[in-house]
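Structure record follows, encoded as structure tokens.
No value in this document is a laboratory result; all are computed from the given coordinates. Only a predicted model underlies this, so the values are computations on that prediction, with no experimental measurement involved. Please note: Cβ atoms are built from the backbone with ideal geometry, for glycine as well, and neighbour counts cover all protein chains shown.
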Amino acid sequence: DAGITQSPRHKVTETGTPVTLRCHQTENHRYMYWYRQDPGHGLRLIHYSYGVKDTDKGEVSDGYSVSRSKTEDFLLTLESATSSQTSVYFCAISPGLLSSYEQYFGPGTRLTVT
Amino acid sequence: DQQVKQNSPSLSVQEGRISILNCDYTNSMFDYFLWYKKYPAEGPTFLISISSIKDKNEDGRFTVFLNKSAKHLSLHIVPSQPGDSAVYFCAASEGNTPLVFGKGTRLSVIA
């Protein structure tokens, strides 16, 4: 199994509070991704990183920011959580972005915004 | 507009029979296609992939077929086993861009 951990695994927070989710990898892969999974929507890309301090937006980036200060860590921040951000969040990694590279996913973080 | 579509939210198959999961796409520039499998409370795991220069790729009980003219791919599982019960995601990519995922199909294999 690829070495990817996510923390916390579960979190309940109130509307309007900031929340940071952490993804940590031990594979030294260049690319890291944050997805959210919702019923009826599948997996949707929030942001991804192609190196330290290099990030780009995905399909559903509004309300989220990311940071990558080290190769192994990719942080997802909800500046002011809303109920629509209740979801399961998955981090993924890959050695490259080219089509032929598979992505390896972490175990997920279940976030509930009340 | 969804570029990768899995039009069947769920599929039920008897153990030992064939499971066929379908996926349609709209972007003719997609050059790589993947299937992921997801169990509850776990992250998705890679299952099988196919390049657009091929029309079939096989790995044990799993075979993926690609029909570029119809912009359609399918995943065949033969024989189906109860442990195959999971959500299956189809994904596609174009060159140097992130994967685009479908909404998933929940497969139930009945013993």
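Can we say residue B:46 is closer than 29 Å to residue A:3 by Cβ, within 8 Å of another protein chain (Cβ to nearest Cβ), within 12 Å of the chain's Cα centre (by Cα) and not hydroxyl-bearing (Ser, Thr, Tyr)? So residue B:46 passes the test.
Looking at the structure I just gave you, is residue B:15 in contact (Cβ under 8 Å) with a residue 40 or more places away in the chain, among the acidic types (Asp, Glu) and either surrounded by fewer than 22 Cβ atoms within 10 Å (Cβ to Cβ) or closer than 27 Å to residue A:31 by Cβ (or both)? Against the criterion (in contact (Cβ under 8 Å) with a residue 40 or more places away in the chain, among the acidic types (Asp, Glu) and either surrounded by fewer than 22 Cβ atoms within 10 Å (Cβ to Cβ) or closer than 27 Å to residue A:31 by Cβ (or both)), residue B:15 qualifies. Can you pull out the residues in the stretch B:75-103 that are crowded, with 17+ Cβ neighbours inside 10 Å, within 15 Å of residue B:6 (Cα to Cα) and either among the small types (Gly, Ala, Ser) or more than 14 Å from chain A (Cβ to nearest Cβ) (or both)? B:75, B:86, B:91, B:92, B:102 - these are the residues of the stretch B:75-103 that are crowded, with 17+ Cβ neighbours inside 10 Å, within 15 Å of residue B:6 (Cα to Cα) and either among the small types (Gly, Ala, Ser) or more than 14 Å from chain A (Cβ to nearest Cβ) (or both).
The listed residues are A:36, A:110, A:30, and the only one of them that is under 26 Å from residue B:4 (Cα atoms), in contact (Cβ under 8 Å) with a residue 60 or more places away in the chain and touching a Lys or Arg at 6+ places or on another chain (Cβ under 8 Å) turns out to be A:110. Elements of the type strands (runs of 3 or more DSSP E) sitting completely within the stretch A:63-114 and holding at least 2 residues that are more than 14 Å from chain B (Cβ to nearest Cβ) and under 11 Å from the mean Cα position of the chain (by Cα): these cover A:64-70, A:73-78. Could we say that residue A:51 is of a type in the set (Gly, Ala, Ser) and surrounded by fewer than 20 Cβ atoms within 10 Å (Cβ to Cβ) here? It is true that residue A:51 is of a type in the set (Gly, Ala, Ser) and surrounded by fewer than 20 Cβ atoms within 10 Å (Cβ to Cβ).
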